[in-house]
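The block underneath contains the structure these notes are about, expressed in structure tokens.
What follows is calculated from the coordinates using simple rules that are stated; it is not laboratory data. Quick caveat: nothing in here was measured; it's all calculated off a predicted structure. We place every Cβ from the backbone using ideal geometry, glycine too, and count neighbours over all the protein chains shown.
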2 protein chains.
Amino acid sequence: MLKFSKKIDYGLILLSKLHHEPVSASAREIAARYRLPAPMVANILKQLTGAGILVSTRGAQGGYELAHDPADISLADVVRALEGEFSLVDCTTAENTCQYSELCPTHDPIQAVHRKFLDFMSEYKIDEILGAAKPFNTHPAPSLGNPSIGKTQ
Amino acid sequence: MLKFSKKIDYGLILLSKLHHEPVSASAREIAARYRLPAPMVANILKQLTGAGILVSTRGAQGGYELAHDPADISLADVVRALEGEFSLVDCTTAENTCQYSELCPTHDPIQAVHRKFLDFMSEYKIDEILGAAKPFNTHPAPSLGNPSIGKTQ
DNA sequence: TTCAATTAGCACCAAATTGATACGGTTTTT
DNA sequence: AAAAACCGTATCAATTTGGTGCTAATTGAA
């Protein structure tokens, strides 16, 4: 489906937190603050670190910080870090060239749509997102810790 | 994940076919032509008809045709017809207002991203897609009938 | 008027993906 | 040493997706 996964949803919240409170914060702290599932938060932070978006400090008093200015990180970077190379349809990647591309009547135009989505996300730097985000969350969230309550369909 | 479902992928192929060969075509015919799974094609055509994008004629010699000029049908219409109202995250729809929107630091900016995606898809009329599509497929496709071969990840 | 073609509307199932958890290992500070 | 914290990986349940099947209603044609 055409939807952000929870990982991306959560990931943007975590980046927002790290941007507005630029002190090294541990996974446990952040999870507690936003009442998000702790192991998920840990996994997401690990992936963002692996992708070079965050830097980590190990050991006691360790934690995570932004590795770059948020103006240098695009939405596409975050998506790539958390769910792999963006691909609107399976036949967009070079290694997995669709063997029917010559026959498929919509191959070329769908590639064009793919590129437009990718360009949009690549130009959309997360400082735009984080800048508009509320600085931080004074009240700890209530019982359920899910920022996207209210299932669609 | 941020990806077109097969339904949308197939749906665009079917629309392309109905545009370039504007005679009423049956689900079986189209499925056979593009070597797509027949029941899937039938379901997709039914959904597109229900959404008013196609018109159907029942009975022998029946089939489907485009209901409108492709310049009047947007990518958003097709997505909505085949996988319901577009929603980048769960808390975008009015009925399902996220009860934590006041607390969630990224609620507002993510809504903005959602609207940008929706606007893009609403302005993207499918005549742009179908116009660039190859008129039709002279060779019947080989054995496997999947236009998106080559799985990503 | 009967028959075959075809859409309509379900209900169903299996495979893939996602959301979430667990655990043992390594690094660093105190 | 011990505690805090990250790292890697493996696992598991729930959801979604891709795909199928069946029965009824409709229509054109033999």
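Remarks
- The Stokes-Einstein estimate for the stretch B:6-132, based on a Kirkwood radius over Cα pairs and taken at 37 °C with 0.692 mPa s viscosity, is a diffusion coefficient of 206 µm²/s.
- Averaged over peptide B:112-123, the number of partner chain Cβ atoms lying within 10 Å of each residue's Cβ comes to 2.
- Amide H within-cut-off set for A:SER74, under 5 Å, with H built and near neighbours excluded: A:ILE126
- B:ASP69-A:SER5 FRET efficiency (beta carbon distance; Förster radius 41 Å; 0.05 resolution): 0.70
- For A:ALA25, net neighbour charge (Lys/Arg +1, Asp/Glu -1) across residues whose Cβ lies under 12 Å away: 0
- Distances in nm from B:SER122 to the matching label points in the other copies, shortest first (labels 7 Å along Cα to Cβ): 2.7
- The aspartates and glutamates whose alpha-carbon is closer than 20 Å to the alpha-carbon of B:LYS7, local same-chain residues fewer than 8 away aside, are A:ASP90, A:ASP108, B:GLU29, B:GLU65, B:ASP77, B:GLU83, B:GLU85, B:ASP127, B:GLU128.
- In the assembly of identical copies, B:VAL23 has its label point, taken 7 Å from Cα in the direction of the beta carbon, separated from the corresponding points by 7.6 nm (ascending, one decimal).
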